[in-house]
Structure formats: C-alpha cells, structure tokens
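Asks: Sharing a structure below in structure tokens format, with a few things to ask.
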C-alpha cells in the first residue's frame, strides 16, 4: 500500500518501497540517509537489571524490566546494495557504509560519529558509526562527538526512542551543514523522520520514503510538529553608526 503526504511546500513523504518510488523522482541536491546495513539487526532487546545478592556467594540474578519491541528493519536480512542510490545526487552521506563499502566507490572523506565521547567503552553499544560521503572537497575523516548511549545523551534527553536505529537530530543537521548549497534533500530510508526534522530546522526541502507504515506515521507526526513549531524571527542587522565628525 502506497501513500503520499505533502506536509508543506517542498516537504513530501512517501509510504512504500523506495525501489519503486525512486525512478519517479529524478535527481535531488543531496542524499542523506541511514539505510539497512544487511546485518539482520535484532530489534527486540529486553532491558535487564541485576538483582542484589540475597546472601554471601549468591550469583546476581537478572530481571526483565522493559521490553523494547520494534518492527524488524525491512531489507536488513540480506546484503544492502547502494548502487541504485548513486545516480540520484552528486552529494551523499550513507551511514553504516562500513558494512557495504565494497559496493561503493572509493571516498577520501568519511564521517565518524563518536557516540561514546570516550565513556563507557566496555558496553555492548558500538563506540562510533561511520558514513561514506561524496561531493565534499575534504581528503580526511570528519568526526562528530555526541553522546548517544541509552539514557546518556547530549540531546533529546528524555525523548522516547522511536526507532531501533534512530539517529540524533543534531547528527543529521551536522551532516547537512557540510552541503550548504543543497536545497532539496532525499532520505530513501526515512525511518522515524530524523533527517526530515533536521531539514525543517535548516530550512531545506525534504523528500522522505519509508516502507514500514508504523515508522512512516511517526515520521509524519514528527516532521509536521516541527513545521508547526514557532520559529524565532531572524534579527535584522542594525545599521552601521555614522562616523563621528570632529570639528577642525
């Protein structure tokens, strides 16, 4: 079942398979996305806490405190092929590309997101994530340091987790700022709509595609709420003071 939502001028969301929708769109200024990596990511992870010892020598027991049940990531059960995305734009950011780098052209510039900022390095959450980029003049790696490990967050503190691989809005805005001339941004694997929210914040046009109805509805609500949020008017520049003329 396909569906199209025009949330505002220049903001359009598609529910459906991007492989069917992309041929109808044409080129955009940039593709910024977090696609399925082809790793069959386990989206059901019960949270556990250790119970206190009851007596000396006891092995600590665990109890399930909350079930984190998310829909399976469509397409993540087979290797991801990024080749259909490459003709869409000259500028690109593809997260998780270390999992499918052999199917991408060489790139001198990669993005690294340090999600631990040097803390809790022994947990099961990866220390960082990598993105392949195209269309940038750099011949180096650019790093974004932003804590995002469970309840330890540098932003969106207290917000409910909406997607199993959700990215912070701050990260996607950071990506977009490297492409200041890219007016229309495409995210073919929109998920809960984080890239779209970042585009609204930066005044960019956005096209998003999501195949899972649950996440599509979440993305519609998030982006629509961001569009309706009050914006501070930019302060007009103050006129330069007239030069002081001293009597001769």
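Bear in mind these aren't lab numbers, they're just calculated from the coordinates by the rules spelled out. Here the structure is a predicted model, which is why all the values come from computation and not from measurement. So basically every Cβ, Gly included, is an ideal-geometry build from the backbone, and we count neighbours across all protein chains shown.
Asks: Taking 0.36 nm per residue of sequence separation and subtracting the Cα-Cα distance, how much length would be gained by fully extending the chain between residue 90 and residue 78, in nm to one decimal?
Replies: Result: 1.7 nm gained on full extension.
Asks: Next question, about the same structure. How far, in nm, would the chain grow between residue 142 and residue 2 when pulled straight, counting 0.36 nm per residue and subtracting the alpha carbon separation?
Replies: Here the answer is 46.7 nm.
Asks: Would you list 99, 6 from fewest to most Cβ contacts within 10 Å?
Replies: 6, 99
Asks: Mind giving me the nanometre distance, one decimal, between the label points for residue 20 and residue 127, set 7 Å out from Cα along Cα→Cβ?
Replies: That separation, rounded to one decimal, is 4.4 nm.
Asks: Could you give the length gained on full extension between residue 201 and residue 27, defined as 0.36 nm per residue of separation minus the Cα-Cα distance, in nm?
Replies: 60.4 nm
Asks: Sticking with this structure for a sec: Would you order 115, 167, 27 from fewest to most other beta-carbon atoms within 10 Å of each residue's own beta-carbon?
Replies: So the residues, fewest neighbours to most, are 27, 167, 115.
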